[in-house]
Amino acid sequence: MQFGPALPESNYLNHAEDLALLLETLPHRLDLVDSALAWRPEHRRHVLATAAGHGDRVRLDRLATQLDRQAMAAQDAVREAVRAGKLDLLWPIAALAKTEIRPVIAEARDAIARSVPPEEPAIADEAHVALARFA
């Protein structure tokens, strides 16, 4: 199996995963507050336009919009918690990153995976594929 550069839509979702990780880590690492607040969604229209057919593109656009809104709401909550000195509120924000943001990222990854036709394994890789099924 050959690995190439990540697809642009994967980069977009990896960027979103970075925010989820930052939010989940904030209660333990207050030094990451500035990084979490500095996060901005990447331009996604062009990225998603290349990801799939029209139906999948509409779904991905909806998921990306949902993800961007959740991210901005989480950042607003972090900003307010820090401003008010209520750092204990970072715990429920971290929990929401896990229960609200990560599932949207997973759904978007699934939509992308379903829209990309699977590659045929090379004959030399067939033994590895068979072993991977049992792992």
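The values are calculated or read from the model by the stated rules, or taken from the named source; none is laboratory data. Keep in mind that what you see is a predicted model, and the values were worked out from it rather than measured. A quick note on method: Cβ atoms are made from the backbone with ideal geometry, for glycine too, and the neighbour counts reach across all protein chains shown.
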Condition met for Ala64 (within 16 Å of Arg109 (Cβ to Cβ), at pLDDT below 90 and in a loop (DSSP other than H, G, I, E, B)): no
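Restricting to the range 67-91, name every residue that is at negative phi and outside any helix (DSSP H, G or I). Let's see the steps before the verdict.
Our first condition is that a residue be at negative phi; within the range 67-91, this holds for 67-84, 86-91.
Of everything in the range 67-91, just one residue is at negative phi and outside any helix (DSSP H, G or I), namely Lys86.
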The range 64-90, residues that are surrounded by 13 or more Cβ atoms within 10 Å (Cβ to Cβ), over 17 Å from Asp18 (Cα atoms) and among the hydrophobic types (A, V, I, L, M, F, W, C): Ala77, Ala81, Val82, Leu87, Leu89
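Taking the condition surrounded by 14 or more Cβ atoms within 10 Å (Cβ to Cβ), modelled with pLDDT under 80 and among the hydrophobic types (A, V, I, L, M, F, W, C), does Ile112 pass?
Details: surrounded by 14 or more Cβ atoms within 10 Å (Cβ to Cβ): yes; modelled with pLDDT under 80: yes; among the hydrophobic types (A, V, I, L, M, F, W, C): yes.
Spelling it out, Ile112 is indeed surrounded by 14 or more Cβ atoms within 10 Å (Cβ to Cβ), modelled with pLDDT under 80 and among the hydrophobic types (A, V, I, L, M, F, W, C).
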